[in-house]
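Please read the structure below before turning to the comments.
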Amino acid sequence: MIEVCSVCGEWKLINGIHWDFTIDVDRGCSFSMIHEDISYNDLIGVVLEDFGIDDNKNSVNLSYLSPSKLNFGTKELPPVFIRNDRQVTSYMNKLQENADIHLCVTIKRKAQISPLIISNMMQTRDEISSTHDSPIAGSSNAFERGKHTHLDSECNNIHRVDEVSGIEHTRIRYTPISPSSGVIGNKRGLHSMGPDVYGSEKSKLSSFSSRRGRESMREDSHSHSEILSPICFANQRDDDNDLFCGKFFKDKKEMSTKLKLHAVSQGFEFSTQYSDKQRYILKCVDEKCSWDFRAKSVKESQSFVVRHYVSKHTCDTSLRRVNHRQATAKMLGSMISNGYKGGKIGLKPKQIIDKARDDHGVVISYSKAWRCQEHAQDLARGTPDDSFEALPSWFHMFKEKNPGSVTFIEVDSVGKFKYAFLSFGPTIRGFKLMRKVLSIDGAHLKSKYKGTLLAATAQDGNFHLYPIAFAIVDSENEASWSWFMTCMKTIIPDEEDLVFISDRAASIEKALLQHYPLAHHGICIFHFEKNVLDKFKSTTLIPLIVEAAYAYTKGDFHYLFDEIEESDPEVAEYLRKADFKKWSRAYSLANRYNMMTSNLAESINSLLKESREYPIVCLFDTIRMIMTRWFTERREEGTRHIHLSTFKVGGKMKELYNLKSRWLEVSKINDLEYEIKGDTGDQVVNFQNRHCSCLVFDVEKFPCAHAIAAAKAGNKHENDYVDDFFSNERFKQVYSESIYPVGDKAYWDIPLDVAKFVCRPPSTRFPSGRRKKKKNSKFVGVWKIPFQIPINTQRLQMQQMWAARTQQEYMC
């Protein structure tokens, strides 16, 4: 037996990202003991009994929220609904692993069927049957007169045919009947019934719930108020067909797409008999079939109107195939394009194959599924060529929505794209409240025109990534980095306490010397380790080199460096030529705090791994969406936090207190100075200068283990000595603004000078065929052997130490 907590309420999606379950305070919750192998029907019975629910009037939905912290794209996973015995078993297994998974119960009221509805349904069926039994030719009743009513001046010669041979009673929607005229739901003639009158054989009776039919229901609602809810029986596979004689389409493309969707959903194929700018004629692939469609263009417009439509098929299934000719890659791609919007990864080709078969009964090849994916991506994200042309307008709208943002575009003499730069206004203002350390790096783009994404990233007071600027250039070269630094200097001035951290690329160093001569350039320790290993492949000194780089005091640094020099003078000379000021924290000319690597920028590049395949505008918009979400989440995080210091700084000091400070011996020198004795040597803490002789307090700007021990002994609050960089108040101030989207393109207001700015795709050469995403395996003789990196003890040590250092740097 397992105890289950059932909660009554309903799910709500907050900000399109977070799922929240609103509790029904009247019904509350219930605790029940149930068997592990309970069935779905028995579980429903338990819920109905516990909450006193009348199953004749209400339906019950059961669900729960998965405990795993998984995301779908940029959103949380939705609730998991329970609908059968197998899903109940899955829920019980998860409940045994985690007793905090509540069973969420949502109650929905069932639609009540009035006796008047049933009575009128039977009357409807009888009247329709009698109408269909009458001959079409020479008919004088209102039903037939409505068939030949003129729609407007454009359709005077429209010939309407709709052959109906039977009623499908499994799909019925009730509409009031006017007995005097024999017209359903409308007193103005059959043509007012709307598009579904001329539907296919599968939608005979459901066609009477057309748009105009629904309007007439509202008109007659004073006399039929209790029968406004339509009756829909189960097993409805297709929506009502809205093809009818007289229907207008805004253009030929919309009409063609609609007909293809209709053919796929109904399982038949058609052939194009005639198609030009004025006419569009289709016939069923079976020449003996009566299905016929003809449309003609409206004068002086791109619109088309249906002139002739026979909805009934008289063919058999001999010419119908599962590899449907109308199921083209473009048509299927348009149906799944929404799955690729908003930074979503979307369906893979194999998933598209399964979806086409499961949803539409169509079998497609892998190559067609691949083309379908490509077309869906183009619809959702834009084509690479169009994206470059839209970039100036997107930049303009972004600056309009986010004042203070900075954008630059550079093109060559013929208007072809070279560089683009983007920095967010809120992040520019927020950086003024942060530590002046920037991590810069580049990452290759994988879209059609390739290129490189450059990023400059800082770190906020809670050790979160805080991107400042992005640029898209041709490659990491001297010209591109120089242009990037030129743009950066418009938002971040050159100062002596400013630090840039990067790899040892000569192009970066030259650009920094040219544009930021006062700033300090530090080398990323992780890249420096790899440089040492490439130069001295058999060296065993990597752990000592890393320890020396992270040392806080010059004394500790030289103690470790002397050991290196004694063990291998060549390695020591290499380290000396690399310049201690660039790779050692103890000799750094400006404070690097805890940031010794370019991992910040590389983390951003890793975050955008999938997005680097997108066209340029979609890539920038994906970055914007991530920043919008981060600002919202962190603003709420700061509001919920009640302590003086940020969450992670407070957690770090708590860890130092529990692991070290409690065992240190403290001697008071005066009210502001204390002597600390421990196994690592004697240290002196000065609270007035916020200084400790170990220099950890000085460098990282929040109390070290010695300062925490002294604060406890002197009855002081250690949070009072945390730098403002790490205060929760400043953290909230950094994220007080919001980053806004550019909105729908249809509502953009673009100035003439921006609209005339020419930005064509670059001249980048790209290979044909499918882009490779994985490296090939190596071959030895005729046997395929997966390539494996030989085990290298030093590289393994470096990786382990890198992981430990990353954790020590409090990276998020």
For residues in the stretch 475-518 being charged (D, E, K, R) and in contact with a Ser or Thr (Cβ under 6 Å, 6 or more places away or on another chain), which is farthest from residue 603 (Cα to Cα)?
478
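Give me the residue from the stretch 702-734 that is of a type in the set (A, V, I, L, M) and surrounded by 19 or more Cβ atoms within 10 Å (Cβ to Cβ) and, out of that set, farthest from residue 672 (Cα to Cα). Before the answer, list the steps.
Taking the stretch 702-734 first, the residues of a type in the set (A, V, I, L, M) are 705, 707-711, 713, 722, 734.
Going one step further and asking which of them are surrounded by 19 or more Cβ atoms within 10 Å (Cβ to Cβ), we end up with 705, 707-711, 722, 734.
Numbers: 705: 16, 707: 11, 708: 13, 709: 13, 710: 9, 711: 10, 722: 16, 734: 32 Å.
Result: 734.
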Filter the stretch 475-487 down to residues that are under 31 Å from the mean Cα position of the chain (by Cα), within 17 Å of residue 521 (Cβ to Cβ) and either without any contact (Cβ under 8 Å) to a residue 40 or more places away in the chain or not in a helix (DSSP H, G or I) (or both), then give me how many there are.
3
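Being closer than 20 Å to residue 556 by Cβ, in contact (Cβ under 8 Å) with a residue 12 or more places away in the chain and hydroxyl-bearing (Ser, Thr, Tyr) narrows it down to one residue among 639, 622, 597; which is it?
Every option except 597 fails the conditions.
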When residue 68 is evaluated against the numbered criteria (1) modelled with pLDDT of 85 or more; (2) part of a loop (DSSP other than H, G, I, E, B); (3) among the hydroxyl-bearing types (Ser, Thr, Tyr), which criterion, by number, is the only one it fails?
(1)
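Scan the stretch 408-426 for residues that are among the aliphatic types (A, V, I, L, M) and surrounded by fewer than 17 Cβ atoms within 10 Å (Cβ to Cβ) and report the count. Full working, then the answer.
First, pick out the residues of the stretch 408-426 that are among the aliphatic types (A, V, I, L, M): 409, 411, 414, 420, 422.
Remaining after also requiring surrounded by fewer than 17 Cβ atoms within 10 Å (Cβ to Cβ): 414.
Qualifying residue count for the region: 1.
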Looking at 545, 564, which is the one that is in a helix (DSSP H, G or I), crowded, with 21+ Cβ neighbours inside 10 Å and not polar (S, T, N, Q)?
545
Test: residue in the stretch 439-448 that is acidic (Asp, Glu) and either not assigned by TED's automatic domain parsing to the domain that holds residue 490 or not in a strand (DSSP E or B) (or both):
no
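Considering only residues of the stretch 378-407 that are at pLDDT 90 or above and farther than 20 Å from residue 419 by Cα, which is surrounded by the fewest Cβ atoms within 10 Å (Cβ to Cβ)? Quick ask: steps written out before the conclusion?
Kept after step one, since they are at pLDDT 90 or above, are these residues of the stretch 378-407: 391-407.
The next check asks that each one be farther than 20 Å from residue 419 by Cα; those that pass are 400-404.
On the way: 400: 15, 401: 15, 402: 21, 403: 10, 404: 14.
Top of the filtered list is 403.
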Only one of (1) more than 17 Å from residue 597 (Cβ to Cβ); (2) buried (at least 17 other Cβ atoms within 10 Å of the Cβ); (3) in contact (Cβ under 8 Å) with a residue 12 or more places away in the chain is not met by residue 570, so which one is it?
(2)
When only residues in the stretch 441-477 that are buried (at least 22 other Cβ atoms within 10 Å of the Cβ) and charged (D, E, K, R) count, which is modelled with the lowest pLDDT?
441
A careful count of residues in the stretch 251-270 that are at pLDDT below 85 and out of contact with any helix residue (DSSP H, G or I) (no Cβ under 8 Å at 6 or more places or on another chain) gives 1
Take the residues in the stretch 300-333 that are within 15 Å of residue 265 (Cβ to Cβ), of a type in the set (S, T, N, Q) and at pLDDT 80 or above; name whichever of them is surrounded by the most Cβ atoms within 10 Å (Cβ to Cβ).
311
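Any residue that is crowded, with 18+ Cβ neighbours inside 10 Å and either within 46 Å of the chain's Cα centre (by Cα) or assigned to a loop (DSSP other than H, G, I, E, B) (or both) - is there at least one of those in the stretch 673-685?
We begin by selecting, within the stretch 673-685, every residue crowded, with 18+ Cβ neighbours inside 10 Å; these are 674, 676, 683, 685.
Now restrict to residues that are either within 46 Å of the chain's Cα centre (by Cα) or assigned to a loop (DSSP other than H, G, I, E, B) (or both): none.
No, every residue in the stretch 673-685 fails to be crowded, with 18+ Cβ neighbours inside 10 Å and either within 46 Å of the chain's Cα centre (by Cα) or assigned to a loop (DSSP other than H, G, I, E, B) (or both).
Is there a residue being modelled with pLDDT of 85 or more, surrounded by fewer than 18 Cβ atoms within 10 Å (Cβ to Cβ) and either part of a helix (DSSP H, G or I) or touching a Cys at 6+ places or on another chain (Cβ under 7 Å) (or both) anywhere in the stretch 735-743? Steps first, answer last, please.
Residues of the stretch 735-743 modelled with pLDDT of 85 or more: 735-743.
Now restrict to residues that are surrounded by fewer than 18 Cβ atoms within 10 Å (Cβ to Cβ): 736, 738, 740-741, 743.
With the extra rule that they be either part of a helix (DSSP H, G or I) or touching a Cys at 6+ places or on another chain (Cβ under 7 Å) (or both), the set shrinks to none.
For the stretch 735-743, residues modelled with pLDDT of 85 or more, surrounded by fewer than 18 Cβ atoms within 10 Å (Cβ to Cβ) and either part of a helix (DSSP H, G or I) or touching a Cys at 6+ places or on another chain (Cβ under 7 Å) (or both): absent.
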Given the conditions (1) on the phi < 0 side of the Ramachandran plot; (2) part of a loop (DSSP other than H, G, I, E, B); (3) surrounded by 18 or more Cβ atoms within 10 Å (Cβ to Cβ); (4) modelled with pLDDT under 95, report the number of the one that residue 496 does not fulfil.
(3)
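Yes/no per residue for (1) touching a Ser or Thr at 6+ places or on another chain (Cβ under 8 Å); (2) in the same structural domain as residue 420 (by TED's automatic domain parsing):
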residue	(1), (2)
669	no, no
684	yes, no
692	no, no
705	yes, no
708	yes, no
711	no, no
717	no, no
744	no, yes
756	no, yes
Residue check: is residue 634 assigned to a helix (DSSP H, G or I), among the basic types (Lys, Arg) and free of Cβ contacts under 8 Å to residues at least 12 places away in the same chain?
no
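Please determine whether any residue of the stretch 366-379 is in a loop (DSSP other than H, G, I, E, B), of a type in the set (A, V, I, L, M, F, W, C) and in contact (Cβ under 8 Å) with a residue 24 or more places away in the chain.
Looking only at the stretch 366-379, we keep the residues that are in a loop (DSSP other than H, G, I, E, B), and these are none.
Checking the stretch 366-379: not a single residue is in a loop (DSSP other than H, G, I, E, B), of a type in the set (A, V, I, L, M, F, W, C) and in contact (Cβ under 8 Å) with a residue 24 or more places away in the chain.
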Identify, by number, the condition in (1) surrounded by fewer than 21 Cβ atoms within 10 Å (Cβ to Cβ); (2) over 26 Å from the mean Cα position of the chain (by Cα) that residue 438 doesn't meet.
(1)
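The values are calculated or read from the model by the stated rules, or taken from the named source; none is laboratory data. Just so it is clear, the model here is predicted, and its values are computed rather than measured. When we count neighbours, we look across all protein chains shown, and the Cβ atoms used for this are built from the backbone with ideal geometry, even at glycine.
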